[in-house]
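The values are calculated or read from the model by the stated rules, or taken from the named source; none is laboratory data. Please read these numbers as outputs of a predicted model, since none were measured by experiment. Please note: Cβ atoms are built from the backbone with ideal geometry, for glycine as well, and neighbour counts cover all protein chains shown. Note: areas computed on protein heavy atoms with side chains; ligands, DNA, RNA excluded. Shrake-Rupley method; radii C 1.70, N 1.55, O 1.52, S 1.80 Å.
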Amino acid sequence: MSSARAQDAFDTRARVAIDLGAESCRVSLLRWHDGQPAIELIHRVANGPVHVEGALTWPLDAILTGLDKGLRKAAQAAPEGIASVAVDGWAVDYVRLNHDGDPIRAPFCYRDERTIRSKQQADALVDPEWMFRHTGAQPLRINTIYQLMADHPAGDDPQVPWVCLPEYVLYRLGGRRVAEYTNATHTGLVDVETGDWSQTLIERLELSKEALPPIVPAGSVIGKLRGPLAALDAFRDTLLIAPACHDTASAIAGIATPLDCTAYICSGTWSLAGTLIDAPFTAPEAMAAGFTNQGAAGGGFCFHANVNGMWILKQCLESWRGDGRPWDLPELIAQAAACDRFPGIVPVDAPSLLLDGDMPARLNEQLRNSGCDEIADCAGNEPVFARVIFESLAVRYATAIQSLEQMLGCRIDRVHILGGGSQNQLLTRLTAERTGKPVERGNVESSTVGNFAVQLAASEAASRPLTRDAVHRWAERLSHPMRMAQAV
């Protein structure tokens, strides 16, 4: 379809993108003005894991109430009607459903420590190296596969059907229960060759085949919006689309610049450093370097290393706030940039830094282990902690990109950093210095842009398969110019 015909198809009805984030969930509206798309953030819902009866869970009721409010705001703002709603979000977490299709409990957060034991049990049954070759997914204890194994000892019936969180929101709005492919690849249960659930793993780990949702490709229409919201004029004929339901896949789909010879860094609660490849890379060195192969919108794979991210700083901020030392983040970054000295670099992927609580002490433990001086956790030293975090992240980004070049036999010419970390000019500068490469600062809401790009490309394609090129064309049209930070 020509761009002119595409405009005719999309210039009168709005679209809604829901992006579920570990710190906030956002409802955004795309409308057309004089034939040009404009994206507006309609509503934001604060989010974060909570401790309930010794478990770390997500406040699902609060999330859903906030999303309902956001959707009602979107309907009010779009009298022309809303053509489609799509949802992306963080991976690996899921909801188990009772006979009425309602959650049997609040979903566990992937950081809950219940998977420590189930990961050990799985490793005794299935060689992790074989699992990596078979699924392409780095066998991290947060993966859905280990969470499912932890459910049975906790008293949950393994036969109870489940659905990952973004797809659950679509299901609740009236869609079919599905697993969108890019999100399914994060479970650690998908055969990388067939693109379907691995029967071998299901049998070896004694998981329930009946509980699995069917896998569908990104851009699939999975129903129409139903329920109370459908009574609103704007939602009377609204399609529910599974975009790239994994927020990183959506974020990559939202990059407007070409990605040839380019590494991306999705910098948020987690950092994901990698590049797009056409076929999975499952050599032993990829597993050893912490890389994973996850489905990309329109084909190919997001090949990246899972790196700890702003979680470390967020935990420090919460600790300091509890001690009566609250900090404004821009001011903290500015003072960290002015630090003349800092004690050293820490391994940001150390297991203790992935846990919640008492993060300054955890950082000091890693400094000691690295042979560096500790930082006194007192007023005035917060910028030093922040500088250690940013320097350490930049070093880890650099090693990930070096690994990419060595494994794939290619040269990375530039780095594209997106997500919340793209607003951090200090981290961007340090990344350019440590990698020796120019760094593009991408859209902070790239997941939302990619969500919309998949919706529009899928609607344009109708019954034809979604292509990466079609998604990229829409991302170009929806995105703003990028800023550059040159290597020093």
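Tyr171 falls short on exactly one of the conditions (1) at pLDDT 95 or above; (2) part of a loop (DSSP other than H, G, I, E, B); (3) not small (Gly, Ala, Ser), and that condition is (2). Considering only residues of segment 254-264 that are out of contact with any strand residue (DSSP E or B) (no Cβ under 7 Å at 6 or more places or on another chain) and under 10 Å from Glu476 (Cα atoms), which is surrounded by the most Cβ atoms within 10 Å (Cβ to Cβ)? Among them, the one singled out is Gly254. Within segment 317-329, restricting attention to residues that are outside any loop (DSSP other than H, G, I, E, B) and of a type outside the set (Asp, Glu), the residue that is least open to solvent (accessible area, probe 1.4 Å) is Trp320. On inspection, Thr399 passes the criterion of being assigned to a helix (DSSP H, G or I), of a type in the set (S, T, N, Q) and open to solvent by 10 Å² or more (accessible area, probe 1.4 Å). Scanning segment 152-164 for residues that are in contact with an Asp or Glu (Cβ under 9 Å, 6 or more places away or on another chain) and either of a type in the set (Ser, Thr, Tyr) or buried (at least 22 other Cβ atoms within 10 Å of the Cβ) (or both) yields Trp162, Cys164. Checking the condition crowded, with 21+ Cβ neighbours inside 10 Å and under 22 Å from Ala244 (Cα atoms), which residue from Val216, Val178 passes? Matching residue, one of Val216, Val178: Val178.
For (1) of a type in the set (Val, Ile, Thr); (2) without any contact (Cβ under 8 Å) to a residue 60 or more places away in the chain; (3) open to solvent by less than 60 Å² (accessible area, probe 1.4 Å), each residue gets a yes or a no:
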| position | (1), (2), (3) |
| --- | --- |
| Gln315 | no, yes, yes |
| Glu331 | no, yes, no |
| Gly344 | no, yes, yes |
| Pro351 | no, yes, no |
| Leu354 | no, no, yes |
| Pro360 | no, yes, yes |
| Leu363 | no, yes, yes |
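The strands (runs of 3 or more DSSP E) falling completely within segment 1-76 include none with 3 or more residues that are touching a Phe, Trp or Tyr at 6+ places or on another chain (Cβ under 9 Å) and modelled with pLDDT under 95. Scanning segment 376-390 for residues that are in a helix (DSSP H, G or I), open to solvent by 10 Å² or more (accessible area, probe 1.4 Å) and not hydrophobic (A, V, I, L, M, F, W, C) gives a single hit, Arg387. Between Ala297, Ala251, the distinction of being outside any loop (DSSP other than H, G, I, E, B) and touching a helix residue (DSSP H, G or I) at 6+ places or on another chain (Cβ under 6 Å) belongs to Ala251 only. Taking the listed residues Leu259, Leu212, the one that is free of Cβ contacts under 8 Å to residues at least 60 places away in the same chain, part of a loop (DSSP other than H, G, I, E, B) and closer than 26 Å to Pro465 by Cα is Leu212, with no other qualifying. Given the criteria of a type in the set (Ser, Thr, Tyr), in a loop (DSSP other than H, G, I, E, B), modelled with pLDDT of 95 or more and open to solvent by 20 Å² or more (accessible area, probe 1.4 Å), does Thr194 qualify? Yes, satisfied. On the stretch given as segment 430-440, residues that are open to solvent by 30 Å² or more (accessible area, probe 1.4 Å) and touching a helix residue (DSSP H, G or I) at 6+ places or on another chain (Cβ under 6 Å) total 1.
Take the conditions (1) surrounded by 20 or more Cβ atoms within 10 Å (Cβ to Cβ); (2) among the hydrophobic types (A, V, I, L, M, F, W, C); (3) free of Cβ contacts under 8 Å to residues at least 24 places away in the same chain; Ala74 misses just one of them, which is (3).
Pairing each residue of segment 284-304 that is among the acidic types (Asp, Glu) with any residue that is crowded, with 24+ Cβ neighbours inside 10 Å, provided the two are 6+ apart or on different chains, yields C-beta distances under 9 Å for Glu285/Phe291.
Taken together, the criteria exclude Lys119 from residues that are of a type in the set (D, E, K, R), open to solvent by 20 Å² or more (accessible area, probe 1.4 Å) and touching a His at 6+ places or on another chain (Cβ under 8 Å).
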